[in-house]
Amino acid sequence: MSDSLIVVCPHCHAPNRLPAERLAAGGNCGKCKAPLFRGEPVELDAANFDSHVGRSDIPLLVDFWAPWCGPCRAMAPAFAQAARQLEPEFRLAKVNTEQEQQLAARFGIRSIPTLALFRNGREVARQAGATDTASLIRWVRAQA
Ligand SMILES: [Zn+2]
């Protein structure tokens, strides 16, 4: 039996069905041909957020942040570093709460940065406050 997974393209946001054993190899989107994993966080907005949360079989870690937030900017390199290490097991994404106020309201984001982990369309864990790469990776893996 070969399991397959839905991986949502970080570029065109189309769902791609991928045999589980090919996940590590990544591959390219069947629609736009972009790599399915780039080792960097995906910028999400109200238009593409639900594709990634609702369609993907890969757990999604979202950094709710804003450009005016010093701790958010300070954490950005750690988050990018974590993306390189956690893909393709997890997809990492960023939501700019200044631009995407509806998403911030929908998830009740009261302080930033807030990290939220989604699995199968549901939020399964949340952590507020900035963190470093090692702590972030440890926290995400502990939720798996
Ligand atoms: Zn694509």
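The values are calculated or read from the model by the stated rules, or taken from the named source; none is laboratory data. On a predicted model such as this, the values are computed, not experimentally measured, just so you know. Virtual Cβ from ideal backbone geometry, glycine too; neighbours counted across all protein chains shown. Just the protein is used for accessible areas: all its heavy atoms, side chains included, with ligands, DNA and RNA removed. Shrake-Rupley method; radii C 1.70, N 1.55, O 1.52, S 1.80 Å.
Would you mind getting the accessible area per residue of the chain, heavy atoms of the protein chains only, 1.4 Å probe, in Å²?
I get 50 Å² per residue for the chain.
Quick check on the chain: helices-only [θ] at 222 nm, where DSSP H runs of length 4 and up contribute -39,500 (n - 2.57) each and the sum goes over total residues. Nearest 500, please.
-7000 deg cm²/dmol
How many percent of the accessible area of region 1-90 is carbon or sulfur, using a 1.4 Å probe?
The value for region 1-90 is 52 percent carbon and sulfur by accessible area.
Apply the Karplus curve 6.51 cos²θ - 1.76 cosθ + 1.60, θ = phi - 60°, to the phi angles in region 7-12 and return the couplings in whole Hz, x for Gly and Pro.
These are the phi-based 3J(HN,Hα) values: 10, 8, 4, x, 9, 9 Hz.
State, as an integer percentage, the relative contact order of the chain based on alpha-carbon contacts under 8 Å between residues 6 or more apart.
24
When N is the residue count of the chain, what does its C-alpha Rg come to as a fraction of 2.2 N^0.38 Å?
The chain yields a ratio of 1.00.
Given H placed 1.01 Å from N in the peptide plane, which residues other than close sequence neighbours of Phe118 have an amide H under 5 Å from its amide H?
Leu60, Leu61, Val62, Val124
Using only the alpha-carbon atoms, how far is helix 70-86 inclined from the longest principal axis of the chain? Give it as 0 to 90 degrees, nearest 10.
On a 0 to 90 degree scale, this one is about 20.
If the convex hull of the alpha-carbon atoms of region 81-123 is projected onto planes in all directions, what is the mean projected area in square nanometres?
In nm², the orientation-averaged hull projection of region 81-123 is 3.6.
So how long is each side of region 64-144 along the principal axes, counting just the alpha-carbon atoms, biggest first, in Å?
28, 28, 18
Around Thr97, which amide H atoms from residues at least 5 apart in sequence, or from another chain, sit under 5 Å from its own amide H, with H modelled in the peptide plane?
Trp65, Ala66
Through the Karplus equation 6.51 cos²θ - 1.76 cosθ + 1.60, θ set to phi - 60°, convert the phi angles of region 129-139 into ³J(HN,Hα) values in whole Hz; use x for Gly and Pro.
Running phi through 6.51 cos²θ - 1.76 cosθ + 1.60 with θ = phi - 60° gives x, 6, 8, 9, 4, 5, 5, 4, 5, 4, 5 Hz.
For Pro67, what is the net charge nearby, where nearby means another residue's Cβ is under 15 Å from its Cβ and Lys, Arg count +1, Asp, Glu -1?
-3
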